[in-house]
1. Read through the list (1) of a type outside the set (G, A, S); (2) touching a Gly at 6+ places or on another chain (Cβ under 7 Å); (3) over 30 Å from R144 (Cα atoms), then give the number of the only condition that V330 fails.
2. Based on this model, can you work out whether F445 counts as touching a residue at least 12 places away in the same chain (Cβ under 8 Å), among the aromatic types (F, W, Y) and in contact with a Leu (Cβ under 7 Å, 6 or more places away or on another chain)?
3. Could you look through the stretch 332-343, keep only residues that are free of Cβ contacts under 8 Å to residues at least 24 places away in the same chain and part of a helix (DSSP H, G or I), and pick out the one that is nearest to A444 (Cα to Cα)?
4. Would you check if I130 is outside the structural domain of A370 (by TED's automatic domain parsing) and under 16 Å from T254 (Cα atoms)?
5. Within the bounds of the stretch 698-718, is there any residue that is in contact (Cβ under 8 Å) with a residue 60 or more places away in the chain, surrounded by 16 or more Cβ atoms within 10 Å (Cβ to Cβ), basic (K, R) and assigned to a helix (DSSP H, G or I)?
6. Test of understanding: among A475, A500, which residue is touching a residue at least 40 places away in the same chain (Cβ under 8 Å) and among the small types (G, A, S)?
7. Can you tell me which residue within the stretch 370-421, out of those that are within 26 Å of the chain's Cα centre (by Cα) and part of a strand (DSSP E or B), is surrounded by the fewest Cβ atoms within 10 Å (Cβ to Cβ)?
8. What's the number of the only condition in (1) farther than 25 Å from D190 by Cα; (2) among the acidic types (D, E); (3) under 29 Å from the mean Cα position of the chain (by Cα) that D704 fails to meet?
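The values are calculated or read from the model by the stated rules, or taken from the named source; none is laboratory data. Predicted model, so just to flag it, every value in this text is computed and none were measured. Virtual Cβ from ideal backbone geometry, glycine too; neighbours counted across all protein chains shown.
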Amino acid sequence: MIKLSKGGAYLINGVDIIEDNADAAAAVKARTGKDVDKEKAIEGTIAYGILKSHNTSGNMDKLKIKFDKLTSHDITFVGIIQTARASGLEKFPIPYVLTNCHNSLCAVGGTINEDDHMFGLSCAKRYGGIYVPPHQAVIHQFAREMLAGGGRMILGSDSHTRYGALGTMAMGEGGPELVKQLLNQTYDIDRPGVIGVYMTGKPSKGVGPQDVAIALIGAVFANGYVKNKVLEFVGPGVADLSADFRIGVDVMTTETTCLSSIWKTDDKIKDFFDIHERSEDYKQLDPADVAYYDGMITIDLDKVKPMIAMPFHPSNAYTIDEVNANLKDVLHEVEERAKVSFGDKVSFSLQDKIKNGRLYVDQGVIAGCAGGGFENICAAADILNGCYIGADEFTLNVYPASTPIYMELMKNGCAATLLETGAILKTAFCGPCFGAGDTPANGAFSIRHSTRNFPNREGSKVQNGQIASVALMDARSIAATAANKGYLTPATEMEERIGAYKYHFDSNIYKNRVFDSKGVADPSIEIKFGPNIKDWPQMCELPENLVLRVVSEIHDPVTTTDELIPSGETSSYRSNPLGLAEFTLSRKDPEYVGRAKEMQKAQNALMEGGDVFAAKPDLKEVMDIITKQYPDAAGNIGYGSTIFAVKPGDGSAREQAASCQKVLGGWANIANEYATKRYRSNLINWGMLPFIIKEGDLPFKNLDYIYIPGIRKAIENKTGVIKAYNVGNGLSEFDLTLGDLTDEEREIILKGCLINYNRI
């Protein structure tokens, strides 16, 4: 089904793969009649051409990218604009779309969600942006319908910013990277590797995009095959996939940990732009006659079966047939994995979901940027036609990804078909993807065509003794399961009911409701601030020496951003840095906030000219030990906290996973590696040191103190190995590194954060 090359590979005329080995040059010449030029072949990928056209550095190894457009939603745009305002923002220099699809329930926290929306609308008017009201469209569907274009690059403050199927290289990053673009700065990265995804064959009826995506994620997540690289989809199998199908695979590439994605384009993508009245935005994209990829993934679409990603990660992939054939073993494995995250906090079991030898689920959801597409919902309606979900525990909720899609489902009868089954249709909303809305009962098992199934993404709260779980599936198999009233069923077992529907886009829905400044700013507009919208607190420069206290120690194989700062109930506080910080690590380590605040007292006393030792008495003994070896240590020193995690930062792009630690006095993370570039970038942009320590026995434990002398000078001098000390009875030396840092990133860390970098 899926094969990974051991090394690089050449693609000849978009069809023939030649793996890079001792015989590759001869094989390429035999196919093309020309000597192979590897450097030129590297430039032959679609990705290279798009990156080159957006690079401003003049050096394709060290990229400085300027994007064409930006997009954010309502739990990110307030913080981004507040940061940009503090840094001197006067006007949005490129189109910036503010969508409202995360806090659109406007329920939790009184008025504060709608206050954020009014802030966004007033900023769109003042700075010259675009404002999409709540329930009109989820962020990525609006971008597909109205923003994407062939050869463009879009940056979004949501990790699933992926529009590669439409010929747009899009990236999801933390808010500070958007701030840089708003301030006419650049996105600075080393040129990423490009991995080819070569598709052959055609999916069986009943197999959908989520099935292909889960199979892909399962093949590459754990081994890091595509980490921080660009996936380029090529091969003859692409032509047999509709635009909607490609989009459904593409959006899930985020879960592979790749940097971005791009697809070859053709008449089906041209039709997409024609339907959306943007024919001029189509561009045909193909790799060169000879293109070189840093790796090659081959997917035989004929062999992909209905898949399920069992709790609690999209890479926990099985075929549905495998699960049904090995129920007890698979469920036991899931329960064992859960112990890693939950420990003894809550009792978790799925064994009671087995009834008469079959697995029954309690809820189905088809939603968001992954599941809410037109074809997915039409296919679900066809499979369910004439069936009823029943009057027992099982429920089915469907969220079309945009109002235009909803309108077309009403016109073609699919909406009525679904409602007749007992399903509920809801407006465009991302809640089921991050734990807001449709929270199942305690102990329940939900199947969802959405983006993630991390712990608590369904809305349960382990710290309160509540636990539910989510498995990811395609809309087609969710519908098949619903038709059987909750018995886990692959769509391929149903009769071949899925028909074809032509989509008609009603542009008036957006023309009459979306505010578009057309890029014209109006400085006379007063920004509307609700009482929850707060400015960022003052942050100081990096001192010469640091004393850090380890206030949390996490040994899970991977730590998600949901665990660093929870989703769901915290969404209403994303506009309030101090209020949100109270939730930091609350699901993973409830004692973190109190410990971080205790350490922060010392830094606050230092900054205010007070008595550090009165604020944090045990620091006197720590400093006595340090000054025996470093008599001048206290001359230019800072006090703060750090956490250790094996591999933090998988998942969301949310900058708050880093900024909340900073607001509570965090100066660093220490990790064996960082799960994603975007989390590491968030740390840097908030002035936090992204330390790396080699795997093995840790030279410190939770609540230990660490002394790092000369850290400022080490950053300035680009020191490779940084000496640190565990402060115990004496000083025990160990090594830390920081990985590659650009000159700008070093300066941001030295200044203390991106705001200071732009303000000072």
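1. (2)
2. It is true that F445 is touching a residue at least 12 places away in the same chain (Cβ under 8 Å), among the aromatic types (F, W, Y) and in contact with a Leu (Cβ under 7 Å, 6 or more places away or on another chain).
3. E335
4. no
5. yes
6. The conditions single out A475.
7. N397
8. Of the numbered conditions (1) farther than 25 Å from D190 by Cα; (2) among the acidic types (D, E); (3) under 29 Å from the mean Cα position of the chain (by Cα), the odd one out for D704 is (3).
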